[in-house]
1. Given the stretch 28-69, what strands (runs of 3 or more DSSP E) lie entirely inside it while holding 2 or more residues that are in contact (Cβ under 8 Å) with a residue 12 or more places away in the chain and over 23 Å from Gly176 (Cβ atoms)?
2. Among the residues of the stretch 225-274, which ones are closer than 19 Å to Ile184 by Cβ and among the hydroxyl-bearing types (Ser, Thr, Tyr)?
3. Limited to the stretch 243-294, what total is found for residues that are closer than 27 Å to Thr181 by Cα and among the polar types (S, T, N, Q)?
4. Going by the structure shown, is Lys83 surrounded by fewer than 22 Cβ atoms within 10 Å (Cβ to Cβ) and modelled with pLDDT under 95?
5. Do we have Val309 as in a helix (DSSP H, G or I) and either over 30 Å from Ser213 (Cβ atoms) or out of contact with any helix residue (DSSP H, G or I) (no Cβ under 9 Å at 6 or more places or on another chain) (or both) here?
6. Go through the stretch 257-310 and count every residue that is surrounded by 14 or more Cβ atoms within 10 Å (Cβ to Cβ), touching a residue at least 40 places away in the same chain (Cβ under 8 Å) and charged (D, E, K, R).
7. Looking at the stretch 103-133, which of the residues that are in a loop (DSSP other than H, G, I, E, B) and within 18 Å of Tyr323 (Cα to Cα) is farthest from the chain's Cα centre (by Cα)?
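The values are calculated or read from the model by the stated rules, or taken from the named source; none is laboratory data. Source: prediction; values computed, not measured. Here the Cβ positions follow ideal geometry from the backbone for every residue, glycine too, while neighbour counts run over all protein chains shown.
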Amino acid sequence: MLKVAIDFGTSVTKIYRIGNGIVLAEATCLAVSKETGEIRAYGNEAKRLLGKTAEATEIVFPVYEGEIASERYAGALLAYFLKKVVRRAFFGVEVLFCVPCGCPDPSKEKYLRVARAAGVSRVNFVETPYLVALGQDVPLSESNPVFAVDFGAGKTSVAVFSLDGIIAGFSMAVGGNNMDTHIIDCVADTYGLKIGLQSSEKLKSTIGSLYESDSQSMYVNGRDIATGKPRSVAVASEKIAPPIRVYVDKVLEYCELLLRMLPAEVSAAICKNGVFLAGGVCALAGFGDYLSEKLQMEAHLAADVQTAVVLGGGRVIGNAALYRKLATG
């Protein structure tokens, strides 16, 4: 039986296929007719239309803050992605979904219904903090606790765990999309320029920084709020730092809360081992240094923060012992 791990993310979906590695990374969105509900474009093709469609077409994101928001469109998008990477009947495919820490049963039921709508019948789940560690080849054991943070686009998961289970952990609806929305507001207030989500995301990924002395800048195009005319402006990294830092600091508050919940021996081990980080937000300049300073421990960034979770999922589905230990139905 063919096995795949799927990180069905708020912003990007990634699929790992046994024997091939990561075979897909596409935007989790569709272009849909407002009048009929007909799907006109999927994935990256749909995202390229963001902010550029006529009134008759809307861009739909079927996963919101780590949760299935539209089962119909999520099922259609999943089927489209699987057709690209499996190329055979889906009943012979087993899917391992990467889900947020503490994902409740009703949310898992949504994933199951979406999988069935896409033609998949065999489904299991694994929580993302485990995968942050496994995606960095961190060895797991019953006696060596690991502290990991998955900082995604729509949801962030924080947990301390061992191979025996999660010692303390939770998820919160804080992520990179919050930053994008507030960068739009920041550029409007500071420069009098209205920009779109794609421009905001590009600003964050190109010049977004947690270094106070960072002096990068980037030109961005938009609409002048006063005149309504097209205009471009050079945006400085220091100007968009506040909406970035406020969400990172919010996650840090939760991290510190979690650390206060730990038994003394677990805290000692975590202090020695440090924190393991993955997720697109971790690519921000200075992210690792900032968390290391605030948490007073070493911060380990995945080699590719965008794909560490799905790589971890690939390790789970490729290892029978890990699969039995970590996967849940």
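1. Fully inside the stretch 28-69 and qualifying: 30-33, 39-42.
2. Thr227, Ser232, Ser237, Tyr247
3. Summing the residues that are closer than 27 Å to Thr181 by Cα and among the polar types (S, T, N, Q) in the stretch 243-294 gives 1.
4. yes
5. Here the answer is yes, as Val309 does meet what is asked.
6. Within the stretch 257-310, residues that are surrounded by 14 or more Cβ atoms within 10 Å (Cβ to Cβ), touching a residue at least 40 places away in the same chain (Cβ under 8 Å) and charged (D, E, K, R) number 1.
7. Per the stated criteria, the residue is Ser121.
Here is a yes/no grid of residues against (1) modelled with pLDDT under 95; (2) outside the structural domain of Tyr219 (by TED's automatic domain parsing); (3) hydrophobic (A, V, I, L, M, F, W, C):
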site	(1), (2), (3)
Val233	no, no, yes
Val275	no, yes, yes
Ala278	no, yes, yes
Gly286	no, yes, no
Leu291	no, yes, yes
